[in-house]
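Please read the structure below before turning to the comments.
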Amino acid sequence: MARAFPTAGEIAVCGPVRTIVYLRLASGDQPAADFLLGLTRRDQARFWALLRRMAEGKIRRNREQFSRVEGGIFAFKTKAWRLLCFHDRGQMILLAGGARINRKLPHSAIERAMQLQEEYRRGKVAVLDDKRVAG
């Protein structure tokens, strides 16, 4: 039986510069969507504004709102919250979110994001390998 890997899920925001999608786990869960739904309306509105601006290509160099966390993991930032993501061929994949503690995101959240990113990439390679074998 083939192992199920995370895939790109539902589109969060689609703009002229890039499409932002949720990561969908093998279970069907979308951790970033669940994170956003758990926030107050005010915090949700802040993230949606950031996501729309990113999809439109308007926050490329604003480190207060979006910056590299570690490796290929980036974060959309508000005062209290971080929404982790990575780039994949013109798309931005939203991984999960969390609260910042002492001006930083807990290392465990960053490690989990890196693990999800790696599983996503392995799944894409596995799909390509299956297509080569079948074709």
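The values are calculated or read from the model by the stated rules, or taken from the named source; none is laboratory data. Bear in mind the structure is a predicted one, so any value in this text is a computation, not a measurement. Quick reminder, even Gly has a Cβ in these numbers, built from the backbone with ideal geometry, and neighbours come from all protein chains shown.
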Legend entry - Candidate set from the range 14-24 (those that are under 12 Å from the mean Cα position of the chain (by Cα) and in contact (Cβ under 8 Å) with a residue 40 or more places away in the chain); member that is nearest to Gly90 (Cα to Cα): Thr19
Legend entry - Subset of the range 110-130 (residues that are modelled with pLDDT of 90 or more and among the hydrophobic types (A, V, I, L, M, F, W, C)): Ile110, Ala113, Met114, Leu116
Legend entry - Exclusive hit being loosely packed, with under 14 Cβ neighbours inside 10 Å and touching a Pro at 6+ places or on another chain (Cβ under 7 Å), set Ala45, Ala26, Ala80: Ala26
Legend entry - Within the range 108-122, tally of residues that are more than 16 Å from Gly98 (Cα to Cα) and of a type in the set (Gly, Ala, Ser): 0
Legend entry - Test: residue in the range 9-25 that is in contact with a Phe, Trp or Tyr (Cβ under 6 Å, 6 or more places away or on another chain), modelled with pLDDT of 90 or more and acidic (Asp, Glu): yes
